[in-house]
Amino acid sequence: MTRLDRLVAPIAQPARPQADAASPSHVAVEGPSGSLTYVELDATANRVARTLRACGVQPGDRVGVWLPRSGQAIAAMLGALRAGAVYVPLDPSSPPSRVNLIVRDCGMRHLVIAPQLFGSWVAAEGPDPIEHFVLTGDAAKVEPAPLAARGVVHAWSEVSGASDAPLPPSPGDSHSPDDLAYILYTSGSTGVPKGVMLSHRNASAFVDWAADLIELGPADRVASVAPFHFDLSVFDIWSSLSRGATIVIVDEATVVSGPRMVDAVRKRGITVWYSVPTAIVLMLEAGQLGIEGAPSLRSVFFAGEVFPIKHLRRAMDALPGARFFNLFGPTETNVCTAYAVPRPLPHEVTAIPIGRASCGDTAIIVGPDGAEVAPGEVGELHIDGPTVMLGYWDGGRRTPAKRPYPTGDYVSQRPDGELMYHGRRDHMVKVHGFRVELGEVEATLQSHPGVREAVVVAHAGELVAVVVLSDSALSVLELKRHCARRIPQHMVPRGVWLTPTLPRTSNGKVDRVRTEAAVRNDDRAALESVALDAMGGTS
Amino acid sequence: MSTQVAAAIRTYVVDTWLSGDGRGLTDDTDLQEAGALDSLSALALMSFLEETYKIQLEPTDIHAEAFRTVNAITALVARKTASTPHGG
C-alpha cells in the first residue's frame, strides 16, 4: 500500500512495478494554460512542500487548495502531502462564506489560493484564521492590496525560488499509509458542511483497483472533468499519476457544453473518461458524438447518479469501442461497488445494477432489525473494507466511521450476485451528481429573516424551493442572492415558489409528500387548496 | 431593436430563473452574484439566444462577464447580430 505522495517518481523511473518507465518529458498534466511534465510536477510539488514547511506546516496540518483545476492545483495537493500535511480541496465556485465555514471547521491555517479568489476572500466578512496564503500568481496584481489579509501572503515567485530537492523527513511524520491524506467536505443536514476523512490507504485501495481494471498506462490520456473537491477526481488525479498517464484538464467553460466536450475528447485524444451521467448526456444531445464518434475513448466510468437506460444505450451505440463501467459509493466509502456494463446490453434490461463489492470491500445488506436480509430482499447497504473512511473530521473531534459503514442506500441482491439500487434512506439527493442534503438548503433559506418556512424538493434533477414568507416584500431574486452568498451554485434552488402556506400532516408537521406532489405536477394551486381544506376543518 | 432585445431577455430571465417573479430585477442586476445563473442555465440561455436571434456563439463569447447582466447579454446579442451575415 503506497502513500499518494510517493506515486510520482522523482526522475523518470516508474513509481510502481506495474508502470512502464516514462520519458522525462512525458506530460503529467495538460492544462488549459500550459502543461507540466512528470519531472516538472515532481519538482513543483517539492517546492510547494518546502514553502509550506517554511511557513510552519506540521505533519497532519490541513492545507486548503482553493484553485481552479490545473497543474498547479495538482502540484499543490502533492506538495501538501509531501510536507506531511492533509490537503483540503475547496470549490472555486463556492462563496467565501462557505469556504470560511470549512476553513474554521478543519482548523486550517494555510491556504493555497488563486489570485482571482484572493480578492473575494479578503473582502468577505468574518473571522479569518488563515496565517499563510500561498498565491498561485503575483501578489502585486491582486485587488484589494494583499495587505488587507491578516495572514502572510507568499507570491508564487517564492515557491518557484524554493529548492526542488525532496524535503527531508520530518521527525513528527509517521509516513504511514493510515495517515489522513485529504478531507472532502460534503453537504451536511445541519447546514454545516461535513468533512469526510480519507487516508492514503483508503485512496490507494480505489486508485489501484481502478487503474488495474482498465490497465491504465502511460499512453492513456485521462480527462479531468470532475471538480477536485468531488471524489470522482481522485481517480483522474491519482490513478493517472500512479501509472504515468496524462491528465487532460477539460476546463469549466467546456464542461457546460456538449459540443465543446465532444470536441475536446476528439481533438485532445482522450482515452479515459469519468463523470456523472449528466455530462455524457450533454455530449449525446450535441449530436456529434453519434455522427463523428470519439475513437480514442476506450473506457467510460460513470457514477454519482442513475444513468437513465435509454441514454446509456445511446452512449454505448455512439462509442462502440469503449467499455462502460457503473461505479458506486458515497464519499465515505469512495467507490465500493462496480459493474461492467455488458455489450450488447440486452433489450429487456430496464435498469443496470451497481454491481458487486470492489476495491477489496465486502457488502452486506441489512434489514430494519439489524440482521442480514434474506436473498433478494431490499435492505440498507453496509460496506466494510479498505475504502471505508477514517471518519468525520467534525470540528477536530475526529468521529470514527462505523464499521461496517451504513451507506444510507437501499439495495437488493439479484440471484446472479449483482446489487440493484433502490434509492436513499434520508433527504439526501443528487443534483447533477453533487450530493445535496435538502436540509442544508432549507436551513439556508430559513436563515433569511423574511422567510417563515421553506421546503426544498428535488424534481427532475433540479431543486425547487417552496417558501412561505413573513415579509411579503421579499423577492425570488433576493432569496436566490441570499442562497448564492452562502451555498455553492449547484445547491441554489432553480425554482422558488412563494406560497401563503404549506400543507400540513395531521400532527401539524409540514406535509412533505403533498408538497412534493404539487411540485412534481407543477400545480401551485394544489398547495393552497390543501391548506384551505385543512383550515376548513373538513377532516 | 436593443430595447426589444433587452425586454425579451428580461422576460426570459424572469420566467426561467426567477420563477416568474421579476421584482428587484433591473438591467444592471448581477445575475451570477444573485445565484440566478449556473452552468446549465448558461447553456440553456445560449441555446435561447442562438435560436431567437439566429446567431452563432463561439467559445470565446462565453465567459462570465458576457452573461453577468441583462445589459451585458443584450450587448452580446447586438454584437453578434451585427457580425452575422443575413440569410444564414
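The values are calculated or read from the model by the stated rules, or taken from the named source; none is laboratory data. Computed from a predicted model, the values in this text were never measured in an experiment. Here the Cβ positions follow ideal geometry from the backbone for every residue, glycine too, while neighbour counts run over all protein chains shown. Just so you know, the surface numbers come from the protein's heavy atoms only, side chains and all, with ligands and any DNA or RNA stripped out. Shrake-Rupley method; radii C 1.70, N 1.55, O 1.52, S 1.80 Å.
Below are the figures for this structure:
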read-out: Surface accessible to a 1.4 Å probe, per residue, for the residues of the protein assembly as shown, Å²; value: 41 Å²
read-out: Kirkwood estimate for the range A:329-424, i.e. one over the average of 1/r between Cα atoms, Å; value: 14.2 Å
read-out: Total formal charge among the other residues, if their Cβ is under 15 angstrom from that of A:S233, Lys/Arg +1 and Asp/Glu -1; value: -3
read-out: Rounded FRET efficiency, nearest 0.05, which uses the C-beta distance separating A:H311 from B:E33 and R0 of 35 Å; value: 0.55
read-out: Given charges at beta-carbon only (K, R positive; D, E negative), |dipole| of the range A:329-424 in Debye; value: 340 debye
read-out: A:K267 versus B:T81: modelled label distance in nm, points set 7 Å from Cα along the beta carbon direction; value: 2.9 nm
read-out: Karplus-derived HN-Hα couplings along the range B:55-62 (A = 6.51, B = -1.76, C = 1.60, θ = phi - 60°), whole Hz, x at Gly and Pro; value: 10, 10, 8, 9, x, 5, 6, 8
read-out: Computed E for B:T26/A:Q58 - FRET, C-beta separation, R0 41 angstrom, nearest 0.05; value: 0.20
read-out: Estimated dipole of chain A in Debye, rounded to 20 [Cβ of Lys and Arg +1, of Asp and Glu -1, Cα centre]; value: 400 debye
read-out: Distance (nanometres) between label positions extended 7 Å along Cα→Cβ at A:T362 and A:R414; value: 2.4 nm
read-out: Probe 1.4 Å - accessible area at A:V48, Å² to nearest ten; value: 10 Å²
read-out: Chain pair A, B: total accessible area buried, heavy atoms, 1.4 Å probe, Å²; value: 1900 Å²
read-out: Once exposed loop GluC sites (Glu not before Pro) are cut out (DSSP; at most 16 other Cβ, 10 Å), longest piece of chain A; value: A:216-347
read-out: In order through the range A:23-35: 3J(HN,Hα) via Karplus (6.51 cos²θ - 1.76 cosθ + 1.60), integer Hz, x for Gly, Pro; value: 6, x, 8, 5, 7, 8, 10, 9, x, x, 10, x, 10
read-out: For chain B, convex hull volume per residue from C-alpha positions, Å³; value: 90 Å³
read-out: Using θ = phi - 60° and Karplus 6.51 cos²θ - 1.76 cosθ + 1.60, couplings along the range A:151-156 (whole Hz; Gly, Pro as x); value: x, 7, 9, 10, 6, 4
read-out: Accessible surface of the range A:165-211 [probe 1.4 Å, protein heavy atoms]: carbon and sulfur percent; value: 61 percent
read-out: Which listed pairs, of A:K194/A:K480; A:K194/A:K310; A:K402/A:K480; A:K194/A:K267; A:K267/B:K80; A:K310/A:K402, have C-alpha distances above 32 Å, in listed order; value: A:K194/A:K310; A:K402/A:K480; A:K194/A:K267; A:K310/A:K402
read-out: Exercise: per-residue mean of other protein chain Cβ atoms within 10 Å, A:471-479; value: 5
read-out: Stretchable slack from A:D426 to A:A124, in nm (0.36 nm times residue separation minus alpha-carbon distance); value: 105.4 nm
read-out: Which of B:V5, B:G20, B:A64, positive extreme of dipole for the range B:2-83 (C-beta unit charges); value: B:V5
read-out: Per-residue mean of C-beta atoms belonging to partner chains within 10 Å, peptide A:247-260; value: 2
read-out: D (Stokes-Einstein, µm²/s), Kirkwood Cα radius, the protein assembly as shown, 0.890 mPa s at 25 °C; value: 95 µm²/s
read-out: Inter-site label distance for A:S33 and A:T350 at 7 Å from Cα along Cβ, in nm; value: 5.1 nm
read-out: Segment A:E158-A:H459, length gained on full extension (0.36 nm per residue, minus Cα span); value: 103.5 nm
read-out: A:A322 long-range amide H proximity, modeled H, under 5 Å; value: none
read-out: Trypsin sites (Lys or Arg not before Pro) restricted to the range A:356-401 and DSSP loop, no more than 16 other C-beta within 10 Å; value: A:R397, A:R398
read-out: Cα-based Rg of the range A:204-362 normalised by 2.2 N^0.38 Å, two decimals; value: 0.96
read-out: Loop-located chymotrypsin sites (Phe, Trp or Tyr not before Pro) in the range A:74-142 whose Cβ has at most 16 other Cβ within 10 Å (DSSP); value: none
read-out: Portion, in percent, of the accessible area of the range A:357-486 that falls on carbon or sulfur, probe 1.4 Å; value: 51 percent
read-out: Accessible-area composition of the range A:42-133, carbon plus sulfur, in percent [1.4 Å probe]; value: 50 percent
